[in-house]
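Here the structure is laid out as structure tokens; the discussion comes afterwards.
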Amino acid sequence: MKKNILCLILSGLTLCCFAAGKSLLFEANFDNLSLNANHFSAGDGKCLSFANPDLQLRMYPGLNNKGNSVVLDGTEFCEYAAPGNFDASQGTIAIWVAPINWKPSEKTYQLFFDTCFKKTRFIVYKNNFSNCFYFLIQYREAKGTKKSFAVSSFIPDVEWPAGKWHKFDATWDSSCMKLYVDGIQVKDHAWHKATFVFPETMNFPQPEAGDTFCIGAHKKLWNSSHVKPSGKTAFDGLRIYNRPLSADEIRENYNQSVPSTFGSNREPNLLTVPLIDTMPNLDGNIEPAEWSDATVVPVNEIMENSNIKQALADVKAYLKYNGKTLYLAMHSDYKPRKPAILEDDGRVWRDDCFELHLRQKDKFHYHFIFNAIGKIYDAKDNVVGWNAGARVVARQGDFGWCFEAALPLEQMPEIKPGETIEGGLFHAVVATSTCYQGWYDRGKPMFADNLAKIRFGTDDTAFNLEYPGDMK
């Protein structure tokens, strides 16, 4: 009996997203190439600090190299009106941040979120202490001597190289405050607890007319003695909620993207090719009835060696085998340029194309490249004269392009049920500048050095991976 594991379609996630959506007050994701907010429930979504909020001349790839983000240096900030967009009594501040030219160990401040309120202040920032990141609330009218309250996290330089995204979620209510990094609440440290419990019930006053909040370092609050003017930071996905999201909601929101894994090394992706007893009709049409028993994976991760740092296509690869033949299909919604390579074993990589690598180190390396008219380059251990005996049918049109292929395993005798080998799936657009997408990226310059793991199954278990990310 076939088992199909869907990695994202969870009813719990749907409920979390619905609940969070109802409490969302403000959102700015910059994908419309504007600094103005995408969503604001009762306030004003206009950016107040830029005379021209257009981002056309300052585009920077957004989270997962999709959409757009905004990059601000230490002298810039993006400011919004607070009334109606921020509930001071309780809430959640969520934001994605990536350093461009600074390290966590530098002894300077980096401001991610700040408020310019008359009575309170809410800040998410990097302190001038090395590698320390804080969520801080200041309230001058708090009873007692303590007027500032904070939780913090330690992030080493190795966890946060230039261009890597991390997500901060800061939550609070009248009783306590918490900080989450990459969907996980920060841990207890000797100098603070993961949850800061206020010494008394807090009644934080609501923002008044003229009060604002911002991303970046507000000029009224910070100057060059505090922040590095040349220090650049990318911001994406700012969201403000009118309640503290639960730990489960924060984790689920993070899992929808997962561009990094905080506190651990990324493991190579793993897919299992199901062993089936049916075969598709190779006509270039990826019919659901013929491929519903296949493993399906996205090929949408932008490769480090790509010149274009934003995915141009939504690509899916389909794999299954029957012990004698490996069946592979690919669908891309990118309309390719007219192929120039019209014969097999030509320089197919000069066309918009798709690549498959199958390798076991020091034993074999099978390499296949397909273009949009079904021409194929195949090689074993870099010997082009090897012939896989493959059958390929491709189609192209306004929808993009796709192909179906049958690769006889008698030409690849090392591949057997139960074997786990290295493998890679890659989509290349080369018409203008290069845009390379993969199923997995190690950050190496050559596709053959960016391989993950492919297991040839012993039953019909198939995986349908709905979003890019690590499969542990």
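Relative contact order for the chain: what percent, with Cα pairs under 8 Å and sequence separation of 6 or more? About 17 percent, as a whole number. Mean separation of Cα pairs under 8 Å and 6 or more residues apart, divided by the residue count, gives segment 16-153 a relative contact order of 14 percent. According to the square roots a ≥ b ≥ c of the eigenvalues of the Cα gyration tensor, what is the shape class of segment 69-215, taking rounded for a/c under 1.5, prolate for a/b larger than b/c otherwise, and oblate for the remainder? The shape class here is oblate. When you filter the chymotrypsin sites (Phe, Trp or Tyr not before Pro) in segment 85-165 for DSSP loop state and at most 14 other Cβ atoms inside 10 Å of their Cβ, you are left with F129. Which aspartates and glutamates, on any chain, are close to K143 with Cα under 19 Å apart, when same-chain ones fewer than 8 places away are left out? Once the sequence-local aspartates and glutamates are set aside, what remains near K143 is D173, E200. Available extension along the chain between V393 and N52 is 117.7 nm, counting 0.36 nm per residue and deducting the alpha carbon span.
Volume per residue of the convex hull around the Cα atoms, evaluated for segment 270-464, comes out as 106 Å³.
If you sort the three axes of the alpha carbon gyration tensor as a ≥ b ≥ c, you get a/c of 1.5 or more for segment 302-357 and a/b no higher than b/c, which makes it oblate. Volume per residue of the convex hull around the Cα atoms, evaluated for the chain, comes out as 163 Å³. Seen from S148, the other residues with C-beta closer than 11 Å to its C-beta sum to a net charge of +4, counting Lys and Arg as +1 and Asp and Glu as -1. Taking a Cβ cut-off of under 14 Å around F354, the surrounding Lys, Arg, Asp and Glu residues balance to a net charge of -3, with basic ones at +1 and acidic ones at -1.
Dipole magnitude for the chain: about 1520 debye, using +1 per Lys or Arg Cβ and -1 per Asp or Glu Cβ, origin at the Cα centre. Taking the Cα centre of segment 270-464 as origin and assigning +1 to Lys and Arg Cβ atoms and -1 to Asp and Glu Cβ atoms, the resulting dipole is close to 460 debye.
In this rough spin-label picture, where each label sits 7 Å from Cα along the Cβ direction, the A448-S89 distance is 6.5 nm. Ranking P274, G323, N29 by how far each Cα lies toward the positive end of the dipole of the chain (charges on Cβ) leaves N29 at the top. Separation of segment 165-184 from segment 305-326 is 36 Å, based on Cα centroids.
Working from Cα positions, state the angle (0 to 90°, nearest 10) between the long axis of helix 11-22 and the longest principal axis of the chain. Tilt of helix 11-22: around 40 degrees. If only the Cβ of Lys and Arg carry +1 and only the Cβ of Asp and Glu carry -1, the dipole of segment 312-400 around its Cα centre is close to 200 debye.
A cut-off under 12 angstrom between Cβ atoms defines the neighbours of Y80, and their net charge, with Lys, Arg +1 and Asp, Glu -1, is -4. Could you tell me whether segment 4-255 comes out rounded, prolate or oblate from its Cα gyration tensor? Rule is a ≥ b ≥ c as square roots of the eigenvalues, rounded for a/c under 1.5, then prolate if a/b exceeds b/c, otherwise oblate. Rounded is the answer for segment 4-255, as its axis ratio a/c remains below 1.5. Can you list the trypsin sites (Lys or Arg not before Pro) in segment 352-384 that are in a DSSP coil and have 11 or fewer other beta carbons within 10 angstrom? In loop regions of segment 352-384 (DSSP not H, G, I, E or B), the sparsely surrounded trypsin sites (Lys or Arg not before Pro) are K361, K363. Computed from the Cβ-Cβ distance with R0 of 56 Å, the FRET efficiency linking K119 to V383 stands at 0.15.
Note on N127/V197: beta-carbon distance plugged into 1/(1 + (r/R0)^6) with R0 of 22 Å gives a FRET efficiency of 0.55.
Among beta bridges from DSSP that stay inside the chain, the antiparallel ones total about 90%.
Every read-out reported here was derived from the displayed coordinates using simple, explicitly stated rules and does not represent laboratory data. All of these numbers come straight from a predicted model, not from anything done at the bench. Because the Cβ atoms are built from the backbone with ideal geometry, glycine has one as well, and the counts that use them run over all protein chains shown.
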